[in-house]
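Participant: Questions regarding the structure given below will be posed in turn.
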Amino acid sequence: MDRFLVFLFFLILLISASFVYMEVGSSGVSFLGYILGKDNNIGNGVIHDGVIHDSVIYDGVIYVRFVQLVSVFISGSSLSLAGFALQRMLKNPLIDPGITGVLSGSALGYVIAFSFLPSLGLLSLFYKGLLSFIFGLIPGVVLVFISLSSKDSTGIIIFGVILNAFISSLTVLVQSIINPNMLSYVSVWMMGSVGINNLGTLVVYLVVEVVILFFMIAFSRYIDILSIGEIDAHVLGVDVKLWRSVFLIFSIVLSSISVLLTGIVSFVGFIVPNTLTFFMYKFRSINTKDIVFLNFVLGGTFLIFSHMLSRIFIVGFEFPLGVVTGFIGAPVFAIFLSKLIFR
């Protein structure tokens, strides 16, 4: 019964956040009125709340909101799943794709692909994703090797922060050399930017993410075994290098998807998995399979809520998404880190 109520609660939370996201905006367009047919049965124009809308524009506003909603959900759920996998694999609850440099590496790969390679439709989607994955893999592999040779969790985090800062600076440097006129765009994008993507592109990303989600659920017992330690995993007959590599690849693919959709958004992969872990201790019926799925749901919900805040905080102006998640995540991370250092 507890398990059912937990799933019901998070699904209702997702549906509620999605509806409010679709309803809220600076254009005066009501999503509820739209689906009830009150505001869109209008020939060439409509007056709604004192604002005149063209029917085509009205449909366009709803379409843009929906596309951004899907983009933000995929990005948030991907970051949450990536953070959960990294934390369990490295046995460190403070690990996050943004902190480790994985997101910055993926961003560097995207900027290189965007700057050097021509736009070729779906082929562009492939090679941008490929370069994003390859460059995200580099800091991920480095971090794994460091975690294997160091027992100091704080040291791993500090090295990840240094690596992240270096790669971010390198990304800006590359873009400054290639096309200085695009530097402001890249800077904003690296702080978290939600564009208007093609629905077909979003379907491709969603399919990849769902496949990884089901794989993580099906093989969740290996996540549990890796989290108890390398020696114990060997005793249980698990190929540690193989499964650590598999989950590392999954986390980097998911991180790359997030970067391609919303730029660099930090702390989602830290806040959501740790929040779920904290609350799930009270529910004995919740297992790792459930936590994987709930990371998928709550990660998307959290980023939907964050992007909604970024749009409505100041009317007519949208904050970078990373700024909002940073305001929420940085204090929480500082509290967790202080407990780790001063325990």
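Participant: Scan region 173-196 and report the pairs whose first residue is under 22 Å from residue 311 (Cβ atoms) and whose second residue is in a loop (DSSP other than H, G, I, E, B) and of a type in the set (Gly, Ala, Ser), with Cβ atoms within less than 7 Å and a gap of 6+ or a chain change.
Facilitator: Short answer, once both residue conditions are applied: 189/263; 190/263; 191/263; 192/263; 193/263.
Participant: Which ones in region 77-101 are touching a Pro at 6+ places or on another chain (Cβ under 7 Å), surrounded by 24 or more Cβ atoms within 10 Å (Cβ to Cβ) and modelled with pLDDT of 85 or more?
Facilitator: Within region 77-101, 79, 80, 82, 83, 84, 86 qualify.
Participant: If you check 266, 258, which single one turns out to be outside any loop (DSSP other than H, G, I, E, B), of a type outside the set (Phe, Trp, Tyr) and either buried (at least 17 other Cβ atoms within 10 Å of the Cβ) or without any contact (Cβ under 8 Å) to a residue 24 or more places away in the chain (or both)?
Facilitator: 258
Participant: Within region 205-219, can you find the residues that are surrounded by 16 or more Cβ atoms within 10 Å (Cβ to Cβ) and either within 27 Å of residue 63 (Cβ to Cβ) or among the β-branched types (Val, Ile, Thr) (or both)?
Facilitator: Result: 205, 206, 208, 209, 212, 213, 217.
Participant: The conditions are (1) at pLDDT below 85; (2) polar (S, T, N, Q); (3) exposed (fewer than 15 other Cβ atoms within 10 Å of the Cβ), and residue 16 fails exactly one of them. Which is it?
Facilitator: (1)
Participant: Report yes if some residue within region 237-246 is in contact (Cβ under 8 Å) with a residue 24 or more places away in the chain, touching a Lys or Arg at 6+ places or on another chain (Cβ under 9 Å) and surrounded by 14 or more Cβ atoms within 10 Å (Cβ to Cβ); otherwise report no.
Facilitator: Scanning region 237-246 turns up no residue that is in contact (Cβ under 8 Å) with a residue 24 or more places away in the chain, touching a Lys or Arg at 6+ places or on another chain (Cβ under 9 Å) and surrounded by 14 or more Cβ atoms within 10 Å (Cβ to Cβ).
Participant: Residue under question is residue 253, and the condition is that it be under 30 Å from residue 323 (Cα atoms), without any contact (Cβ under 8 Å) to a residue 40 or more places away in the chain, surrounded by 13 or more Cβ atoms within 10 Å (Cβ to Cβ) and under 17 Å from the mean Cα position of the chain (by Cα); does it hold?
Facilitator: It is false that residue 253 is under 30 Å from residue 323 (Cα atoms), without any contact (Cβ under 8 Å) to a residue 40 or more places away in the chain, surrounded by 13 or more Cβ atoms within 10 Å (Cβ to Cβ) and under 17 Å from the mean Cα position of the chain (by Cα).
Participant: Please return the ranges of helices (runs of 4 or more DSSP H) entirely within region 145-227 where 3 or more residues are of a type in the set (A, V, I, L, M) and at pLDDT 80 or above.
Facilitator: Per the criteria, 153-178, 199-218, 220-227.
Participant: What are the residues in region 197-236 that are in contact (Cβ under 8 Å) with a residue 12 or more places away in the chain, aliphatic (A, V, I, L, M) and over 23 Å from residue 140 (Cα atoms), if any?
Facilitator: Result: 199, 202, 204.
Participant: Another question, then. Which condition number in (1) closer than 20 Å to residue 99 by Cβ; (2) surrounded by 18 or more Cβ atoms within 10 Å (Cβ to Cβ); (3) not charged (D, E, K, R) is the one that residue 304 fails?
Facilitator: Against the list (1) closer than 20 Å to residue 99 by Cβ; (2) surrounded by 18 or more Cβ atoms within 10 Å (Cβ to Cβ); (3) not charged (D, E, K, R), residue 304 comes up short only on (1).
Participant: Could you tell me whether any residue of region 84-95 is assigned to a loop (DSSP other than H, G, I, E, B) and free of Cβ contacts under 8 Å to residues at least 60 places away in the same chain?
Facilitator: Scanning region 84-95, I find no residue that is assigned to a loop (DSSP other than H, G, I, E, B) and free of Cβ contacts under 8 Å to residues at least 60 places away in the same chain, so the answer is no.
The values are calculated or read from the model by the stated rules, or taken from the named source; none is laboratory data. Just so it is clear, the structure is predicted and the values come from calculations on it, not from any experiment. For neighbour counting, all protein chains shown are included, and Cβ atoms are generated from backbone atoms with ideal geometry for every residue, glycine included.
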